[in-house]
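Student: This is the structure I have questions about; it appears just below.
The values are calculated or read from the model by the stated rules, or taken from the named source; none is laboratory data. Owing to the predicted nature of the structure, the values given are computational and were not obtained by experimental measurement. Counting neighbours? That spans all protein chains shown, and the Cβs are built from the backbone with ideal geometry, glycine included. Heavy atoms of the whole protein, side chains included, go into the accessibility calculation; ligands, DNA and RNA do not. Shrake-Rupley method; radii C 1.70, N 1.55, O 1.52, S 1.80 Å.
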Amino acid sequence: MIDPTKNESAAMEAALVPLGEYVASIGMNRPLADYQKDEVLALIETVVTAYQDNLRQQFPTSEEIPF
């Protein structure tokens, strides 16, 4: 992402906890290269969902969510 907005940066930061929880659940000592395809897809889903959820929380009454 080039030049994230303040809201996008906040959403990225909000994704850190769910990301860390997911990585801890499958083993923090494993290199990313050792992840199975389904684990990588679940990691992506975890991060994207947390990111989008945070943006929705930032704009709860807005009809135009910026994504």
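Student: If the chain between Y22 and V47 were fully stretched, how many nm would it gain, using 0.36 nm times the residue separation less the Cα-Cα distance?
Tutor: 8.1 nm
Student: Tell me which of V48, F59, A24 sits at the most positive position along the dipole axis of the chain, charges placed on C-beta atoms (Lys, Arg +1; Asp, Glu -1).
Tutor: Comparing the listed Cα positions along the dipole, A24 ranks first.
Student: Right, next: Rounded to the nearest 10 degrees, what's the angle between the helix 16-26 long axis and the longest principal axis of the chain, both from Cα atoms, 0 to 90?
Tutor: Between helix and principal axis, roughly 20 degrees.
Student: Could you tell me the relative contact order of the chain? Use alpha-carbon pairs under 8 Å, at least six residues apart, and round to a whole percent.
Tutor: Value for the chain: 48 percent.
Student: Give me the percent of accessible area attributable to carbon and sulfur for the chain, probe 1.4 angstrom.
Tutor: 56
Student: Where does helix 37-58 land angle-wise versus the long Cα axis of the chain, in degrees 0 to 90, nearest 10?
Tutor: 20
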